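See structure below.
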Amino acid sequence: MAKHSSRIKQLLRFLPLLVIIIALALAVYFRLYEYLSFTSLQQHHQQLLTWTQQHYFLILLIYMVIYIIAVAISIPGATILTIAGGLLFGIIPGTIYVVISATIGATLLFLATKTSLGNLLKAKAGPKLHKLEKGFQHNAFSYLLVLRLIPLFPFWLINIVPAVLNVRLRTFVTATFLGIIPGSFVYVLLGNGVSSVLDAGQTPNLGIIFQPAILAPLIGLAALALVPIIYKKIKAKNKV
């Protein structure tokens, strides 16, 4: 009985990786990457709006599944999907659907790395990773929140590295969910008014998030997220 239970646990370890492999196969089979472009959105946005009005919950389900797959297998197109979320569902609902979908997709990749690939990646990284792991774990939530708030690194990389550094699942999910809200809101807001731009055959400004009026508040939020880390370091110095 104990051996049977142990085998089940071993198989469950590979479940997130299996889900990602299936998602990758589906993305290749349906050529998902071909549709995650402004050209495709421009050609089909009116039809998508009509379908959303007629079959709201079905389109929402399809949208979220596609978003989760795109994030889990790390194919380009999340920005297009976020803008589409604003176009199809509005600002507040669109932001909610985007944040939930992105968090689920990121968590799948995190779990696949942590349970199936983590030991292999750790072995290749060597002893230097152990030192980084200790420092990261003490302030994992704050570090992750900063990395999510300011998009300096690829989204997929921030899904993998915390898993290799043995960050707790709850910490990863919470920091990811909260950290991607501001950026998601900006692109959903852009998408909510993008219909006229697409009708005119133009492309919206994807660099909007790096404009001072948008980036400055994000940096401010990131600075607040660093306060606990700075406080801990000052406190540790005072004890010495």
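What follows is calculated from the coordinates using simple rules that are stated; it is not laboratory data. Computed from a predicted structure; not experimentally measured. Every residue, glycine among them, receives a Cβ derived from its backbone with ideal geometry; neighbour counts consider all protein chains shown.
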How far is it, in nm, from the label point at Ile91 to the one at Gln46 when both lie 7 Å from their Cα along the line to the Cβ?
2.7 nm
State, to one decimal in nm, how far the label point of Glu34 lies from the label point of Gln53, with both points 7 Å from Cα in the Cβ direction.
2.9 nm
Using a Förster distance of 30 angstrom, determine the FRET efficiency expected from the C-beta separation of Thr115 and Ile62, and round it to 0.05.
0.60
Using label points projected 7 Å from each Cα along Cα→Cβ, tell me how many nm separate Leu24 and Ile100, to one decimal.
2.8 nm
Could you tell me the center-to-center distance, by alpha carbons, between the stretch 28-61 and the stretch 163-181 in angstrom?
29 Å
